[in-house]
Amino acid sequence: MILTLKSGFSSAHLYHQPLWSSEENLKNFGRCFTEHGHGHNYTLEVGFHLTEGELQVKLEEYKALLKSLTAVLDHEHLNFVIPEFKTKIPTTENIALYFQEKLKEHVPANKIAHIKLYETSDLWTEIQP
């Protein structure tokens, strides 16, 4: 059985490759390369492999876990506040990988069925560990 839970958060970010000139960053990243960045209302979705007996035991625990992980990023500028994104571009893919690493600190890897991070309703990254 796969239990799927969602947790939302709002964050700002900007795309900037420090090895490139401003012109090259603008050419590659367009409007995502700005001094202050822009924001999204993200949705993190995680599927957990569970046995029938685990469902009631793990449901509230996993809900609280997702809420605590997304709360760290909620209403923050990822490039400026979150240490992992001070040197790594906070693309949807990299943010999803960030959540994968954070989840593995609390949940055995074999319990994670999938991770989806929605940047918008029609743009997301999916990881199937």
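The values are calculated or read from the model by the stated rules, or taken from the named source; none is laboratory data. Just so you know, these numbers come straight off a predicted model, no measurement behind them. Here the Cβ is made from the backbone with ideal geometry for all residues, glycine too, and neighbour counts use every protein chain on show.
Every condition in (1) polar (S, T, N, Q); (2) closer than 27 Å to M1 by Cβ; (3) without any contact (Cβ under 8 Å) to a residue 60 or more places away in the chain; (4) touching a Lys or Arg at 6+ places or on another chain (Cβ under 6 Å) holds for T43 except the one numbered (3).
Yes/no per residue for (1) out of contact with any Pro (no Cβ under 6 Å at 6 or more places or on another chain); (2) acidic (D, E); (3) not in a helix (DSSP H, G or I):
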| site | (1), (2), (3) |
| --- | --- |
| F9 | yes, no, yes |
| N28 | yes, no, no |
| G39 | yes, no, yes |
| V46 | yes, no, yes |
| E60 | yes, yes, no |
| L66 | yes, no, no |
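Quick grid of which residues meet (1) within 22 Å of L3 (Cβ to Cβ); (2) at pLDDT 95 or above; (3) in a helix (DSSP H, G or I):
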{"site": "T87", "(1), (2), (3)": "no, no, no"}
{"site": "E93", "(1), (2), (3)": "no, yes, yes"}
{"site": "K102", "(1), (2), (3)": "yes, yes, yes"}
{"site": "K116", "(1), (2), (3)": "yes, yes, no"}
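Applying a threshold of 6 Å to beta carbon distances and a minimum spacing of six or more residues, or different chains, the list of pairs starting in segment 114-128 at a residue that is without any contact (Cβ under 8 Å) to a residue 24 or more places away in the chain and ending at one that is assigned to a strand (DSSP E or B) reads Q128/H114.
For the residues T43, T34, the requirement of being surrounded by fewer than 18 Cβ atoms within 10 Å (Cβ to Cβ) and within 16 Å of the chain's Cα centre (by Cα) singles out T43. Scanning segment 81-129 for residues that are β-branched (V, I, T) and either exposed (fewer than 14 other Cβ atoms within 10 Å of the Cβ) or within 26 Å of T51 (Cα to Cα) (or both) yields a total of 6. Of all residue pairs spaced 6 or more apart or on separate chains, those with beta-carbon atoms under 7 Å, a first member in segment 60-74 that is closer than 17 Å to E84 by Cα and a second member that is part of a helix (DSSP H, G or I) are L69/F99; L69/K102. For segment 73-106, a residue qualifies if it is of a type in the set (S, T, N, Q) and within 14 Å of G39 (Cβ to Cβ), and the qualifying residues are N79, T92.
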